[in-house]
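The values are calculated or read from the model by the stated rules, or taken from the named source; none is laboratory data. All values derive from a computational prediction rather than experimental measurement. Quick reminder, even Gly has a Cβ in these numbers, built from the backbone with ideal geometry, and neighbours come from all protein chains shown.
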Amino acid sequence: MLPFSKPALVAVFVAIGLLIAANNIGFANLARWVDTRPALLLAFNSTNKILIAVAGRVPEWVFFAVPLLRLLAPDPLFYALGARYRDVAVRFGSDLYPGAKDWLTELTSGANPGAHRTLAALTFLAPNNPVCLAAGVIRMPPRLFWSLNIAGTLARIALIRLLAALFADQLDRLVDTIVDYQSWFTRITLVVLAFYTVIQLRRLAGSAEDLSDPDIPENPAGSEVE
């Protein structure tokens, strides 16, 4: 599988940047949208904390459909980067997500005989960006990747919905407090997100250099799918 052309690679990084921006915009508007525009909030940001806050404020089908699409949105981008850039993608992922460097390297190096089973489990339990990248690097079959990913994402949404129902009163009080102090909450959130966004974009720009002129061997050592 050949690397992306330069225009296609730029488009992938623009899409990733837009998804990061959407995530941050959603969190910044949590206090404003959680009661007035909960479905829009989910469309921008469907992380666990947002799902917990919005649970019970939208119809069931919206609570499952919108987060499913939002959470799946970056996955094909990272899977494709992993599949097309292999070892280079591991360096890219390690630069972009420093906390994932050790396990990302271990599970894609071929040195761990249980790596493929571990990645299959992670794809179901926590299909985040580094996991999807690693799944692409080992070239997990697309049908298996999407089956585990979608099933795991739906299971997570269902679990959060169940927990939100069990602790509905406590969550209502918490959300009401956030709404009551939305001015302060929004100001503090904007300051924090401003710094965090700069860090994210700098990491994204820096790690993109790994993919700009890759030297990719045909069959990286230990990376074949079992």
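Quick one: is LEU69 without any contact (Cβ under 8 Å) to a residue 60 or more places away in the chain, in a helix (DSSP H, G or I), in contact with a Phe, Trp or Tyr (Cβ under 8 Å, 6 or more places away or on another chain) and not hydroxyl-bearing (Ser, Thr, Tyr)? It is false that LEU69 is without any contact (Cβ under 8 Å) to a residue 60 or more places away in the chain, in a helix (DSSP H, G or I), in contact with a Phe, Trp or Tyr (Cβ under 8 Å, 6 or more places away or on another chain) and not hydroxyl-bearing (Ser, Thr, Tyr). In this structure, ARG70 qualifies as buried (at least 20 other Cβ atoms within 10 Å of the Cβ), under 14 Å from the mean Cα position of the chain (by Cα) and charged (D, E, K, R). Just name the residue that is nearest to ALA83 (Cα to Cα) out of those in the range 21-33 that are touching a residue at least 60 places away in the same chain (Cβ under 8 Å) and either of a type in the set (Lys, Arg) or buried (at least 16 other Cβ atoms within 10 Å of the Cβ) (or both). The extreme case among them is ASN24. Only one entry of ASP87, ASP35, ASP75 meets the criterion of being farther than 25 Å from ARG202 by Cα and either in contact with a Cys (Cβ under 6 Å, 6 or more places away or on another chain) or among the acidic types (Asp, Glu) (or both), and that entry is ASP35. List the number of the failed condition for PRO220; all other conditions in (1) buried (at least 16 other Cβ atoms within 10 Å of the Cβ); (2) over 18 Å from SER94 (Cα atoms); (3) modelled with pLDDT under 65 hold. With (1) buried (at least 16 other Cβ atoms within 10 Å of the Cβ); (2) over 18 Å from SER94 (Cα atoms); (3) modelled with pLDDT under 65 applied to PRO220, the lone miss is (2). Suppose we keep only residues that are buried (at least 22 other Cβ atoms within 10 Å of the Cβ) and without any contact (Cβ under 8 Å) to a residue 40 or more places away in the chain within the range 45-65. Which one would you say is farthest from ASP169 (Cα to Cα)? Among them, the one singled out is ASN45.
Just one of the numbered conditions (1) closer than 19 Å to ASN23 by Cβ; (2) of a type outside the set (A, V, I, L, M, F, W, C); (3) crowded, with 18+ Cβ neighbours inside 10 Å is not true of THR123: (1). Quick one: is GLN200 of a type in the set (S, T, N, Q), closer than 30 Å to PRO142 by Cα and modelled with pLDDT under 80? In short, yes.
Going by the structure shown, is ALA135 within 23 Å of LEU77 (Cβ to Cβ), crowded, with 16+ Cβ neighbours inside 10 Å and either out of contact with any Ser or Thr (no Cβ under 7 Å at 6 or more places or on another chain) or not basic (Lys, Arg) (or both)? Walk me through how you get there before you give the answer.
Working: within 23 Å of LEU77 (Cβ to Cβ): yes; crowded, with 16+ Cβ neighbours inside 10 Å: yes; either out of contact with any Ser or Thr (no Cβ under 7 Å at 6 or more places or on another chain) or not basic (Lys, Arg) (or both): yes.
So ALA135 fits the description; yes.
Where helices (runs of 4 or more DSSP H) sit wholly within the range 77-195, those with at least 2 residues that are more than 23 Å from VAL14 (Cα to Cα) occupy 101-108, 115-125, 142-166, 168-180.
Taking the criterion of being surrounded by fewer than 12 Cβ atoms within 10 Å (Cβ to Cβ) and among the polar types (S, T, N, Q), the residues of the range 146-183 that qualify are GLN170, SER183.
Is it fair to say THR36 is at pLDDT 90 or above, under 14 Å from the mean Cα position of the chain (by Cα) and either crowded, with 20+ Cβ neighbours inside 10 Å or polar (S, T, N, Q) (or both)? Taking the combined requirement at face value, the residue does not satisfy it.
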